[in-house]
1. Being farther than 22 Å from residue 105 by Cα, in the same structural domain as residue 134 (by TED's automatic domain parsing) and either modelled with pLDDT under 90 or part of a loop (DSSP other than H, G, I, E, B) (or both), is that true of even one residue in the range 67-83?
2. Given the conditions (1) surrounded by fewer than 15 Cβ atoms within 10 Å (Cβ to Cβ); (2) under 30 Å from residue 260 (Cβ atoms); (3) in contact with a helix residue (DSSP H, G or I) (Cβ under 9 Å, 6 or more places away or on another chain), and given that residue 388 satisfies all but one, which numbered condition is not satisfied?
3. Could you say whether any residue in the range 299-306 is surrounded by 18 or more Cβ atoms within 10 Å (Cβ to Cβ), assigned by TED's automatic domain parsing to the domain that holds residue 248 and over 17 Å from the mean Cα position of the chain (by Cα)?
4. Six or more apart or on different chains, Cβ under 7 Å: which pairs go from a residue in the range 353-366 that's over 22 Å from residue 398 (Cα atoms) to one that's part of a helix (DSSP H, G or I)? Could you list them?
5. Which of the residues that make up the range 169-195 are surrounded by fewer than 19 Cβ atoms within 10 Å (Cβ to Cβ), touching a helix residue (DSSP H, G or I) at 6+ places or on another chain (Cβ under 8 Å) and at pLDDT below 85?
6. Quick one: count up the residues across the range 310-350 that are touching a strand residue (DSSP E or B) at 6+ places or on another chain (Cβ under 6 Å), assigned to a helix (DSSP H, G or I) and crowded, with 17+ Cβ neighbours inside 10 Å.
7. Name the one entry in 56, 44, 60 that is closer than 26 Å to residue 88 by Cβ, out of contact with any helix residue (DSSP H, G or I) (no Cβ under 9 Å at 6 or more places or on another chain) and free of Cβ contacts under 8 Å to residues at least 40 places away in the same chain.
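The values are calculated or read from the model by the stated rules, or taken from the named source; none is laboratory data. Predicted model only: the values in this text are computed from it and were never measured. Ideal geometry is used to build each Cβ from the backbone, glycine not excepted, and the neighbour counts take in all protein chains shown.
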C-alpha cells in the first residue's frame, strides 16, 4: 500500500533591523510561530541590519545572494519576509531567487483563511486577501503557478489569483456589500443588547493570551482553545452572572499581533469594533511570556487605532501557573489588575467581583419604600440593577439596591 503525504514546505525567514535594540528578533520568533501554525517548517533565519529597508529588494543585494545560497543548502521551498512587501520588492525577490516569496501579511491571511468558520469570517478573509493580492498579481503569479498551492493560496480567495484586476475589483465590491449587510445585522444585535440594558465587556488581548479559555471557563462557551496563534477568529458573546445576581455579556474578539496588517483591520472592523461599543474592556495578558510588556503596548496601540477610549479596563495577568519568575507585572492604564490562571480557574471569583464592582460604580445606591401599586418596578430593579435588600412593610416594599440612572429617576 502506498501512502501519499503532502510535502511540508520549508521556509527561510528574512528580517530587517533598522536600529539597535529594536524588537526585530522578537518579531522574527513570532513569525516563526506563525509559519509553524500554517503547517510549514523553518529551514533558516536571516536578519540584516541596515538603516532602511531596500526599496527594491527589501534586503541588500549581498544579503540576497546569501539567501540564495541558504536556499540551496537547506533545500528550502521559499522565503517569508517579516514586513509587508511592496509589489516591486515581491517581484524583484521572486525574479532573483526563483522561489516562492511571501511576507508576514500573507502568512497571517493564510492562518485567517484556515480559522474562518462563519459566513462573516469567510467574507472578511476573502476581502482582505483580494485587497492584498489586487496590487501583487504580477509579482505572485509566477511563483504561485510554479509551486501549485501551499501557504498563502488557501481560503476563499485562492480561486481569484489569476483573474484580471477588473474581476477582482468587481468581487471586492460584492464582498463589501455583503459585509455591509453583516455589519447592519451586527448593529441590530448591538441595539438589542442595548435595549436589554445588560452591560457588555469585550475581551481583548494579544493572540494566544488565553481569551477563549477565559470565556469558556467563566461561561461554558465551548469556544475552540488551542496553544497556537489565532486559534479562534469569529467573535462569541455569552452571558455571565455576577455576585448580587447582576448580569454582564462577555464578547471574545480576534487576537492582536505585531504589525497587524491594515487589510485585516479594515476587513475585520465590524468584529474589532465590538471593543469600541462595549461598556468595559477585559484585557487578557500572557504573564508567562517574556514579551508581556511589549504585547500589552501593542494591544493598547491597536485599541487606540480603533478609537477605543475612556473605557474602564480590567487587566488579567493570565497563565500564572506557567510563570517561571516572580517579577510583578504592572498595567498603569488599567483600573484594576488581577493575577489569574484561566486554565485552572484560579482567580476567577476575583474577576467576577471586580466586574460586579465596575457595574456598581456606574449605579446609584437607593433605599426606598415602593408602594404596592408600583411593585412592577421591582422586576426592572432585579434585571437592570442589584437588589441588596427587600422587605414587605404595611406601606409598601422597602428596597435597598444599586440601580442605573434611568431607573433611579423612576424610583425617585
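1. Within the range 67-83, the subset farther than 22 Å from residue 105 by Cα is 68-70, 72-75.
Right, trim to in the same structural domain as residue 134 (by TED's automatic domain parsing) and you get 68-70, 72-75.
Right, trim to either modelled with pLDDT under 90 or part of a loop (DSSP other than H, G, I, E, B) (or both) and you get 75.
Checked against the condition, which is being farther than 22 Å from residue 105 by Cα, in the same structural domain as residue 134 (by TED's automatic domain parsing) and either modelled with pLDDT under 90 or part of a loop (DSSP other than H, G, I, E, B) (or both), the range 67-83 yields at least one hit.
2. The failed condition is (2).
3. So far as the range 299-306 goes, no, none of its residues is surrounded by 18 or more Cβ atoms within 10 Å (Cβ to Cβ), assigned by TED's automatic domain parsing to the domain that holds residue 248 and over 17 Å from the mean Cα position of the chain (by Cα).
4. 353/243; 356/243; 356/244
5. 169, 182, 183, 186, 190 - these are the residues of the range 169-195 that are surrounded by fewer than 19 Cβ atoms within 10 Å (Cβ to Cβ), touching a helix residue (DSSP H, G or I) at 6+ places or on another chain (Cβ under 8 Å) and at pLDDT below 85.
6. Of the residues in the range 310-350, the ones touching a strand residue (DSSP E or B) at 6+ places or on another chain (Cβ under 6 Å) are 311-321, 329, 331, 334-340, 342, 347, 350.
Subsequent filtering for residues that are assigned to a helix (DSSP H, G or I) retains 320-321, 350.
Next, from what is left, pick out any that are crowded, with 17+ Cβ neighbours inside 10 Å: 320.
Here the count works out to 1.
7. On the way: 56 fails: out of contact with any helix residue (DSSP H, G or I) (no Cβ under 9 Å at 6 or more places or on another chain); 44 fails: out of contact with any helix residue (DSSP H, G or I) (no Cβ under 9 Å at 6 or more places or on another chain).
Just one listed residue meets the conditions, 60.
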